[in-house]
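Let me begin by presenting the structure, written as C-alpha cells, before commenting on it.
The values are calculated or read from the model by the stated rules, or taken from the named source; none is laboratory data. Nothing here was measured: the structure is a model prediction, and the numbers come from that model. Because the Cβ atoms are built from the backbone with ideal geometry, glycine has one as well, and the counts that use them run over all protein chains shown. Each accessible area value is taken on the protein alone, full model and side chains, heavy atoms only, with ligands, DNA and RNA left out. Shrake-Rupley method; radii C 1.70, N 1.55, O 1.52, S 1.80 Å.
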Amino acid sequence: MPRAPASSAQKVAGNTLVLDNGAYTIKAGFSSDNPSTDHCTIIPNCIAKSARDKRIYIGSQLDQCRDFGEMIFRRPVEKGYITNWEGQRAIWEHSFEGDNAVLKCDPHETNLLLTEAPNCPQTLRTNTDQIVFEEFEFAAYLRCLGPSLNAYNDIPTLFADPPPDVSPTPPVPVEALLLIESGYSHTTITPLIHGRPLHPSIRRLSIGGKLLTNHLKELISLRHYGLMDEPHLVNQIKEDVSFVSADFRVDLERAWKARPGGVDTSVVVDYVLPDYETEVRGKTRPHDPLLQARVKRLGAKGPREDVVPLGNERFAVPELLFNPGDIGLSEAGLPELVLQSLETVPEGLWGPLLANVVLVGGNVEIRGFVERLEKELRQITPSEYIVRVAKPADPIKYTWLGGARLASHHDTFKNTLVTKQEYDENGPTWLARKFAAGSPNTNAAS
C-alpha cells in the first residue's frame, strides 16, 4: 500500500474519524463541534458478489445494487471481532481512501477512534493495532469498548430527567449505565460506572441478528419458499414484519390456522417478495386467506407475484432473545442474563444501574422489544428498585454519537490518544496495556 512519507514530528491531528466497526454495518463519520447522528454514515461491512451480474460490491458500493438475488456475502467480522483483515482492509480503503470514498481522509492527518466488542482476544486486538499504525499509519489512535462510549451521550434526556443546571464541558460520562447492545453477531450486557466497564460483570448472549435471520430462513424455506440462499431478502423480511410478543401463548393461538373464526389478521400478514425489476424491497399487506385458491383458479392469468404468508414466524424468531431454549441453546434469556450481571456487582449499584438501562443495536428496533424487556426485568428484580428501560431515537448510531461527543472536545480527547510516534517507540505490548481498561482515560497526562 504505497503512501506519501509521514512527517517526522508526530502530533495529534485536528481531524478525527470515529469508527464504530460493526459486523453488519460500519458507522463512521468525522467529529465536529456539535455532533449529531446526521454526521454519521452507515457503510455495509461486507464484500458481496452477485450471482446474477457477477459483479463484486465492496462496502458502500452495495447501495448501488438493484438485484440481491442469490447474493453471496463475505463479512470480515465474526462473532463481533475482526477476523479477516484482508476483507476489512479492502472495505476501509474503499471507504476512506478510494477516489470515490464516502469519507475520504488522509490517515497521516487523521486521528482514529475505533470501537471493539467486549472480551476481544488479545491476538485480534494486537492485529488491529498493527493494521491501524503500520499499514494505514493513522496519526493517533484510541481503541475502546463500544459500550463505554454510550456513557458520553445525553442519557438523562432518554428518561426525561431534568437537565443539569450547567452542562459540563467537556462531557462527563454518566455515573451509572447498564448498556445492552443487541447487534448482528451477539447481544452483550455491560455495566458502566463513570464510563468504565465492569469487566467481570459483562455478559454475552450468542444470539444476534445473524442467528435470527438464519432461523427465519429455515422457517420460511420449510413452510413456504426456498430462501436459504437469500440472506439479504430474509433479513429485510425480518426487519419489516417482526415483533416481540407481549404474551407468546396468546399470539400463538391467534396465529393458529385451525382457530375458530380463522387466523387473526392483525398477527398474520402477507409479504410480497420483490421481483428485482420494479421493486428491490418487499412489502407487507393484510393477509388474504383465499389467495392460494384464487391463484390456482386464475392460473397464468393472475398477477405475477410471490407472496409469503407469515404468522407465528413474526414473533417466534425474536422470541429467541428471551428464550434461547426454543432452538435448543443452553443459554439464559436476556432478562436472566441481566440479573446474572447484576449479581456480580455490589448491591449498592443495583438501583442506579436498573434506573438507567439503555438499549442500542439493530435488534432493539424490533417492535415491542423495550416493553417486553422492561416488563420481565420488573418481574425478576427486587421491588424496591426502579426499573427504567429506554432506547434512543437512533439506536444503531448511538454508540458512534457517544464517540463523536467525546472527540468533539479536542483538549480532553487528545489525552486519550496514542500517537504513531509513541507506538513506534514503545511497541504493541505497551499499547495493549495502555488500552487494557477498554474505556477512554480522559484524565491521562497529555
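What full-extension length gain, to one decimal in nm, is calculated for Tyr225 and Glu78 as 0.36 nm per residue of separation minus the Cα-Cα distance?
Working: separation 147, 0.36 × 147 = 52.92 nm, distance 2.80 nm.
The span from Tyr225 to Glu78 would gain 50.1 nm if fully extended.
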query: Which part of the range 119-143 falls in the paramagnetic zone of Leu198, meaning amide N under 19 Å from the point 7 Å along Cα-to-beta-carbon?
result: 119
message: Keeping every protein chain present and rolling a 1.4 Å probe, give me the accessible area per residue for the range 393-446 in Å².
response: 44
query: With each label point set 7 Å from Cα along the Cα-Cβ vector, what nm distance links Trp256 and Asp53?
result: 4.9
message: Let me spell out the model: positive unit charges on the Cβ of Lys and Arg, negative unit charges on the Cβ of Asp and Glu, origin at the Cα centre of the chain. What dipole size does that give, in debye rounded to 20?
response: 1000
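At a threshold of 8 angstrom on Cα-Cα distance, excluding pairs fewer than six apart, so keeping six or more, what relative contact order does the chain reach in percent?
Values: 813 pairs, mean separation 89.9, N = 446.
Taking the mean separation of contacting Cα pairs over the length of the chain, I get 20 percent.
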Förster-model FRET efficiency, 22 Å R0, Glu371 and Thr265, C-beta, rounded to 0.05: 0.50
message: Two decimals, Cα atoms only, Kirkwood Rh: what is Rg/Rh over the chain?
response: 1.00
- request: Could you check the simple spin-label distance between Asp99 and Asn34, using points 7 Å along Cα→Cβ, in nm with one decimal?
  value: 3.8
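D for the range 396-446, whole µm²/s, Stokes-Einstein with Kirkwood Rh over alpha-carbon pairs at 4 °C and 1.567 mPa s: what number? Provide the component values of the computation, followed by the final result.
Numbers: Rh = 12.1 Å.
The estimated diffusion coefficient comes to 107 µm²/s.
Could you tell me what percent of the DSSP beta bridges with both partners in the chain are antiparallel, to the nearest 5? Numbers along the way, then the final one.
Values: 39 of 57 bridges.
Restricted to the chain, the bridges split so that about 70 percent are antiparallel.
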query: Cα atoms only, the range 232-285: Rg and Dmax in Å?
result: 13.6, 40
message: Can you compute the FRET efficiency between Glu135 and Arg433 using 1/(1 + (r/R0)^6), with r the Cβ-Cβ distance and R0 = 22 Å? Round to the nearest 0.05.
response: 0.50
- line: In a Gaussian network model of the chain with springs linking alpha carbons closer than 10 Å, the residue among Pro107, Pro395, Pro170 that fluctuates most is Pro170
- prompt: At a Förster radius of 41 Å, what calculated FRET efficiency corresponds to the Cβ-Cβ distance of Gln122 and Val272, to the nearest 0.05?
  reply: 0.25
query: Per 5 Å bin from zero, what fraction in whole % of the C-alpha pairs of the range 72-186 is there, up to the bin with the longest pair?
result: 2, 9, 16, 18, 16, 15, 11, 8, 4, 1, 0
- request: Choose one answer from Cys40, Cys144, Cys105: the residue with the largest mean-square fluctuation in a GNM of the chain with alpha-carbon springs under 10 Å.
  value: Cys105
- prompt: Between Thr278, Ser408, Ile386, whose Cα lies farthest towards the positive end of the dipole of the chain when Lys and Arg beta carbons carry +1 and Asp and Glu beta carbons carry -1, centred on the Cα centre?
  reply: Thr278
task: Give the cross-link partners of Lys257 among the lysines, using a straight C-alpha distance below 17 Å as the criterion and excluding same-chain residues fewer than 8 apart.
output: none
message: Using the Cα centre of the range 156-249 as origin and beta-carbon charges of +1 (Lys, Arg) and -1 (Asp, Glu), tell me which of Gly209, Leu219, Val241 is placed farthest towards the positive end of the dipole.
response: Leu219
message: Of the candidates Gln122, Gln64, Gln88, which one comes out as most mobile in a Gaussian network treatment of the chain with C-alpha springs shorter than 10 Å?
response: Gln64
query: How many nm separate the modelled label positions at Asp161 and Glu384, each set 7 Å beyond the Cα in the direction of the Cβ?
result: 2.1
Per residue accessible area in Å² of the range 231-369, where ligands, DNA and RNA are left out and the probe is 1.4 Å: 50
query: Per the 1.4 Å probe, what fraction of the accessible area of the range 61-219, in percent, lies on carbon and sulfur atoms?
result: 49
message: Using amide H atoms built in the peptide plane, which far-off residues or other-chain residues are under 5 Å from Thr442 H to H?
response: none
